[in-house]
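Taking it in order: structure first as structure tokens, then the write-up.
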Amino acid sequence: MSGKGTAPKLDVDALIDNPKTRIVVCCGSGGVGKTTTAAAIGLRAAERGRKVVVLTIDPARRLAQSMGLTELDNTPRPVNEVAGPGELQAMMLDMKRTFDEVVLAHSDPERAKAIMENPFYQSLSAGFAGTQEYMAMEKLGQLRSAELWDLIVVDTPPSRSALDFLDAPNRLGSFLDGKIIRMLTAPAKVGGRSAMKFLNVGMGLLTGTLGKIFGTQLLTDIQTFISATDSMFGGFRERADRTYQLLKAPGTAFLVVAAPERDALREAAYFVDRLAADSMPLAGLVLNRVHGTGAPQLTAERATAAAEALEENGSQSASAAAETLAAGLLRLHAERMQVMDRERRTRDRFVSVYPDVPIVEVGALAGDVHDLAGLREIGERLGGGGEA
């Protein structure tokens with residue numbers, strides 16, 4: 001893109017070739033090619049010798065299709081036809097299965113069965129607000145502690161929810177330490193008959209009120225669930241905190257993915273600010289689908305003027321058809337140059353605010369990426385400076 005600002009260059013190859021890089025987190029708004037970028041980075045790293053797993057939290061099936069897999073689930077699946085010395089596997093977060101794995105790993109079989117049959121648990125594990133983000137933290141922690149891969153690439157959900165998993169430990173702690181939860185668990189933690197008698201009166205009033213709000217059966221299910229899982233709550237918090245610290249530690253790199261458009265770069269700015277506020281290690285910005293041209297010296301104005309001249313003379317010329325075609329191509333070129341100019345100005349505005357954020361620009365492909373060859377080409381543009 002011509003007229004570039006002074007942003008430093010993001011060297012993706014140096015990032016993924018560094019054996020100290022163990023986690024790469026790709027985040028960005030929807031529709032900017034984030035999933036494709038994550039897959040391309042995973043493939044390129046594997047073909048350069050790394051043992052890689054790509055974890056997507058986005059339920060879209062694009063990652064599986066582009067890697068030649070029929071489906072993705074909670075178990076890493078090997079990707080065939082990796083043209084290099086490394087290995088590549090891919091998986092998609094299954095929120096409920098991950099929650100079930102946690103329950104099975106941290107409770108005895110009888111208690112695990114009681115928990116998983118509890119109606120409140122079934123609702124919680126299937127889609128309770130914040131559960132996906134917490135389970136993403138759990139799965140990332142599991143993958144890292146397994147030590148089966150030397151690089152984990154995480155493809156986060158689109159939009160700002162991509163960073164919600166950074167809040168998972170605090171939100172989980174707030175939920176578990178909330179007043180209602182503390183009162184619901186209090187009877188099991190208070191000793192003495194007189195204390196229990198006094199507390200039961202208060203609990204009766206509380207549960208009567210909550211029962212009117214939530215329904216008596218739901219309240220009973222919640223109390224049963226909390227009683228069964230009380231011993232696990234500390235482990236939830238500790239593991240989430242460990243993973244949170246892992247994301248801040250050396251060896252983790254966040255990549256913000258954006259398109260050269262105003263709204264996408266506004267979202268990118270949000271991610272950059274949020275990562276800085278949380279002291280998360282930002283590696284840089286991937287500016288995706290940047291338009292280019294083979295004739296940068298031909299300005300939009302000159303191309304438009306030439307097209308107008310051809311159109312004025314075309315009706316009297318023996319080669320009218322050829323001149324009409326040439327005029328059309330010139331107008332297409334003029335439009336491309338205008339798009340490039342708009343992208344440059346949008347990019348430069350971002351750079352003026354964030355001059356220290358490294359950037360790599362990835363040229364737009366002619367079509368959609370749907371196979372390993374397409375991912376490989378994106379990877380080459382990422383690693384080779386982004387040029388088409």
- Note on the structure: Listed by chain and number, the residues whose amide H is under 5 Å from that of residue 51, excluding neighbours fewer than 5 places away on the same chain and using placed H, are 87, 150, 151
- Query: Ordered by residue, what ³J(HN,Hα) values in Hz, to whole numbers, does the stretch 71-87 give under the Karplus form 6.51 cos²θ - 1.76 cosθ + 1.60, where θ = phi - 60° and Gly and Pro are x?
  - Reply: 7, 10, 9, 6, 10, x, 10, x, 9, 7, 6, 6, 8, x, x, x, 10
- With all protein chains present, calculate the accessible area of residue 165 using a 1.4 Å probe and round the result to the nearest 10 Å². 10
- Across 9/96; 20/96; 34/113; 9/139; 51/96, pairs whose alpha-carbon gap is larger than 30 Å: 9/96; 20/96; 34/113; 9/139
- Query: If you average 1/r over every pair of different alpha-carbon atoms in the stretch 1-91 and take one over that average, what Kirkwood value in Å do you get?
  - Reply: 14.2
- Query: So how do 141-151, 276-286 stack up, highest first, on mean other-Cβ count within 10 Å?
  - Reply: 276-286, 141-151
- Item | Inverse mean reciprocal Cα-Cα distance (Kirkwood Rh) of the stretch 3-160, Å | 16.9
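The values are calculated or read from the model by the stated rules, or taken from the named source; none is laboratory data. Keep in mind it's a predicted model, so treat the numbers as computed, not measured. Note that we place each Cβ from the backbone using ideal geometry, even for glycine, and neighbour counts take in every protein chain shown. Each accessible area value is taken on the protein alone, full model and side chains, heavy atoms only, with ligands, DNA and RNA left out. Shrake-Rupley method; radii C 1.70, N 1.55, O 1.52, S 1.80 Å.
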